[in-house]
Amino acid sequence: MKNIIELKNINFSYADKTEALKNININIEEGKTTVILGENGAGKSTLFTILNGISKPSSGEYIFNGNKVNYSKKELYNIRKNIGIVFQEPDNQIFSSSVYDEIAFGVRNLGYNENEVKEFVNKSAVETGVTEFFDKPVHFLSYGQKKRVSIASILSMNPSVIIFDEPSACLDNKQTERLYNIYENLNKKGITLIISTHDMDFAYKISENAIVLHEGTVIFNGKTEDLFKNVEIVQKAGLKVPAIHILYNKLVEKSIIKNADYTPKSIDSLISILNSL
Ligand SMILES: Nc1ncnc2c1ncn2[C@@H]1O[C@H](COP(=O)(O)OP(=O)(O)O)[C@@H](O)[C@H]1O
Ligand SMILES: [Mg+2]
């Protein structure tokens, strides 16, 4: 499996000398979904600013698609075009007056003509379910609708990687379910997803891989399934083991489930295993 992103010995400090990232070594597999976990202040958002080139590391190497990033203007353009980031607060990202213009903003900046812009905007609006709001002023939309518009504006630029900073915070169940479906479709298209979240049930269901940050260091980079078997890391990072993981292991331990072909990661898949017994 190919790594689309590799960080080697990355350090980053803010102007006030806060060491937000310390000796970070991580790999992110192409086409997979990776969750970034860790307590508030662990360094998740800072890591994202490194990944899309907003912040330059104090030291270390950033390798994107096999090439070391040298922070030239041309390469930063390439990174920002290829790695989209959906910020935690849609209000910090959205600044056009109409939904259409908001989604078109990034694509126009990439220098496409209006016909091409229209094509890309329409396509990403359909994928995120926001076409019905095209002519609405953005400030009339609900939080969840704004969130989808901010996803559409990133998607329209056709990035190969999309980063979501705590996307399910403040969303109701229905909006979270919609977001989950959007992720699934993006994942099917081969887009690499990197998602930070505090919702462990969601993280378990959505991801193949996990990276755990703790006080600016990486304490885990591997399969999400393996993470939740590691009690020490789970406790250190203040994570909660997903209910489905606990329940499934108990059913196996009690020999109620034997030789399941796959590890269920959602209630629905556990129920279908139980139904087949
Ligand atoms: N602009 C900034 N200036 C100084 N320190 C910052 C800034 N932004 C974040 N930090 C600090 O960097 C550390 C990591 O923060 P952050 O990346 O936002 O963590 P997370 O997203 O995991 O909550 C924290 O100690 C935080 O206080
Ligand atoms: Mg954050």
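The values are calculated or read from the model by the stated rules, or taken from the named source; none is laboratory data. These numbers come from a predicted model, not from an experiment. Heads up, the Cβs are rebuilt from the backbone with ideal geometry, glycines too, and the neighbour counts pull from every protein chain shown.
Taking each residue of the range 118-141 that is over 9 Å from ILE103 (Cβ atoms) and looking for partners that are part of a loop (DSSP other than H, G, I, E, B) with beta-carbon atoms closer than 7 Å, six or more apart or interchain, yields PHE133/LEU141; PRO137/SER97; VAL138/ILE94; VAL138/SER96; VAL138/SER97. Within the range 7-18, the set of residues being surrounded by 15 or more Cβ atoms within 10 Å (Cβ to Cβ) and within 16 Å of ligand 2 (Cβ to nearest atom) comprises PHE12 only. Which one of LYS44, LYS32 is charged (D, E, K, R) and under 24 Å from ASN185 (Cα atoms)? It is LYS32. Within the range 209-221, one or more residues are within 16 Å of ligand 1 (Cβ to nearest atom), closer than 29 Å to ASN23 by Cβ, assigned by TED's automatic domain parsing to the domain that holds GLY84 and within 13 Å of the chain's Cα centre (by Cα). Taken as a whole, the structure leaves ILE63 outside the set of residues that are in the same structural domain as THR192 (by TED's automatic domain parsing) and either within 14 Å of the chain's Cα centre (by Cα) or within 16 Å of ligand 2 (Cβ to nearest atom) (or both). Among the strands (runs of 3 or more DSSP E) confined to the range 192-277, the ones with at least 3 residues that are within 16 Å of ligand 2 (Cβ to nearest atom) are located at 192-196, 209-214. With respect to the conditions (1) farther than 15 Å from THR217 by Cα; (2) more than 20 Å from the chain's Cα centre (by Cα); (3) part of a strand (DSSP E or B), ASN9 lacks only one, and its number is (1). Of the residues examined, ILE85 is one that is part of a strand (DSSP E or B), hydrophobic (A, V, I, L, M, F, W, C), within 24 Å of ILE191 (Cβ to Cβ) and touching a helix residue (DSSP H, G or I) at 6+ places or on another chain (Cβ under 9 Å).
Here is the figure for the range 25-81: residues that are out of contact with any strand residue (DSSP E or B) (no Cβ under 7 Å at 6 or more places or on another chain) and either within 16 Å of ligand 1 (Cβ to nearest atom) or not in a strand (DSSP E or B) (or both) total 19.
Kindly evaluate TYR204 against the criterion of being surrounded by fewer than 24 Cβ atoms within 10 Å (Cβ to Cβ) and over 17 Å from GLY84 (Cα atoms). Yes, satisfied. Selection of the range 96-134 for residues being of a type in the set (Lys, Arg) and within 25 Å of the chain's Cα centre (by Cα) yields ARG108, LYS123. For the range 12-24, the candidate set comprises residues that are part of a strand (DSSP E or B) and among the polar types (S, T, N, Q); within that set, the residue that is nearest to ligand 1 (Cβ to nearest atom) is SER13. In this entry, ILE233 passes the filter for residues that are over 30 Å from THR128 (Cβ atoms), of a type in the set (A, V, I, L, M), modelled with pLDDT of 95 or more and not assigned by TED's automatic domain parsing to the domain that holds ILE151.
For the range 201-215, indicate whether the set of residues that are over 25 Å from TYR183 (Cα atoms) and at pLDDT 95 or above is non-empty. Yes, that holds for at least one residue. Residues that are over 21 Å from GLY222 (Cβ atoms) and of a type in the set (Val, Ile, Thr) were ranked within the range 26-60; the one that is nearest to ligand 2 (Cβ to nearest atom) is THR46.
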